[in-house]
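These notes concern the structure reproduced below.
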Amino acid sequence: MAHRRFEGKEHAASYLKYRVSPPQELITEILGFLEKMKGRPFDLAVDVGCGSGQGTVLLAPHFTHVVGTDISPAQLEVALANSSAPNISYRQCPAEELPFADGGADLVTSMTAAHWFNRPRFLQEADRLLRPRGCLALISYTLDMDLEYGQHSHTLTDICQQFYKILLPFRSAHLGTTTVPLYKQMYDSCPYPDKEWHECLRVRRPMPLNGYIGMVETFSSFRALLKQDPVEAHRLSQEFRNRLLSVMGESSPETEITVVVKYFYWLACKPAAACSGATKQQYPQTRVFT
C-alpha cells in the first residue's frame, strides 16, 4: 500500500467490531456482473486490503477459493480468528505486489481500501491477476452518513456533519474532503470497455448509538486526532455522544438508531484479449495465514 493505516491490534479489533460490512445487495450486484461477463462457476476471488475480513467472508459461498490480502499482520490475525469457512485464506502483502499467478483470478475486489493504494500500480496488478473476462470491483462509502431516529433525524444528521468538520483538519491530505474523485480517477483510467460506475446505493443499518460512535472512532481522521491529543479526542467523542442523546431525549447510548450508509462502486470486466500489456514480475516472499 502507498499509505499504511489501521495496523495496531486495538484498532484492528475495533475495525471488526464497529466497521460496517458491505451490504448483501452489493455483493449480489458484483456477482451478477461477473456472471453476466464470464459465467459460472467462479474459482478464485482476491479481496485486496481486506482488513478484518468482513467483506471477504461474504464471498466465500460463491467461489471455490477466496483469499484476503492486507499489509497489516494485526488485521489479518483478527480476520483469521473470525473466519471459519474452509475455502478462505489470508496473505500479508502490499496491494501493489500480490503473490498470485498471472491470469488466475475471476474477481479482484477491494472494499473501502483502494483509496490508500498506489492506484496506478494496483490497477496494473489487478489486470495481471485477472483472467480474460474476469472482473474488478472497487467499493467504498462516503462519510456523510445520515442518522434516523423518529422526528429528530435531520438534527442528528446536522450534528454528525459538524463533528465531521471538526475532524476534517486531521484527515489525510491524500484523501481530500471525499474519496469519490479518487475512485472516479481509477474508473476513468481503466481501459476496459465493459465497465460501470454506480454513484450511490443507500443502505439503512440499525445499530446502537454506541456502535455508530465506535465506527466514527475508527475513521483515520479521528485516529490521527487520538494520536496527537488523546484527551481532546475522548472529550470530543463524549461531547458528540451527549449531544446526540440530548436531541434524541434518551440517556442510554445503547439506544438503537438507523444509520444510512451511502455506498459508491465501480465494476469492470477484463476483455478476452488483454489490453494493458502487463508483464510478468517476480514478487517477494510473503507470510501466509491458513
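The values are calculated or read from the model by the stated rules, or taken from the named source; none is laboratory data. Just so we're clear, the structure is a prediction, and the values are computed from it rather than from any experiment. Quick reminder, even Gly has a Cβ in these numbers, built from the backbone with ideal geometry, and neighbours come from all protein chains shown. Heads up: the accessible areas ignore ligands, DNA and RNA and are worked out on the full protein's heavy atoms, side chains in. Shrake-Rupley method; radii C 1.70, N 1.55, O 1.52, S 1.80 Å.
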For the chain, list the DSSP H helices whose alpha carbon atoms reach 24 Å or more along the long axis and whose average Kyte-Doolittle value is -0.5 or above? 230-248
Once you have the Kirkwood Rh of segment 24-116 from its Cα pairs, apply Stokes-Einstein at 37 °C and 0.692 mPa s and quote D in µm²/s. 247
GNM result for the chain, Cα springs below 10 Å: residue of VAL261, VAL216, VAL247 fluctuating most strongly: VAL247
Could you state, as a whole-number percent, how many of the C-alpha pairs of segment 40-191 are farther apart than 20 Å? 55
Averaging 1/r across every pair of distinct alpha carbons in segment 226-275 and inverting yields a Kirkwood hydrodynamic radius, in angstrom, of 15.2
Exposure rule at most 10 other beta-carbon atoms within 10 Å, DSSP loop trypsin sites (Lys or Arg not before Pro): the chain longest free segment: 5-279
Rounded FRET efficiency, nearest 0.05, which uses the C-beta distance separating LEU175 from GLN24 and R0 of 30 Å: 0.65
On full extension of the chain, what length is gained from GLN185 through SER84, given 0.36 nm per residue of separation minus the C-alpha to C-alpha distance? 32.7 nm
Just subtract the alpha-carbon distance of ALA101 and LYS227 from 0.36 nm times their residue separation and send over the number in nm, one decimal. 41.4 nm
P(r) weight above 16 Å for segment 101-190, C-alpha pairs, percent: 64
Running Debye on segment 187-258 with equal point scatterers at the Cα sites and no solvent, what base-10 log of I(q)/I(0) appears at q = 0.12, 0.15, 0.22 Å⁻¹? -0.52, -0.67, -0.98
Roughly how many Å² is the accessible area per residue of the chain, as a whole number, for a 1.4 Å probe? 44
Counting only the heavy atoms of the protein chains, how much of VAL231 is accessible to a 1.4 Å probe, in Å² to the nearest 10? 110
When the distances between all Cα atoms of segment 103-145 are binned every 10 Å from zero, what whole-number percent does each bin get? 28, 49, 18, 5
Two-decimal Rg/Rh of segment 71-138 from alpha-carbon positions, Kirkwood Rh? 0.97
Looking at the chain, I'd like the Rg to Rh ratio, where Rg is from alpha-carbon atoms and Rh is Kirkwood's inverse mean 1/r. 0.98
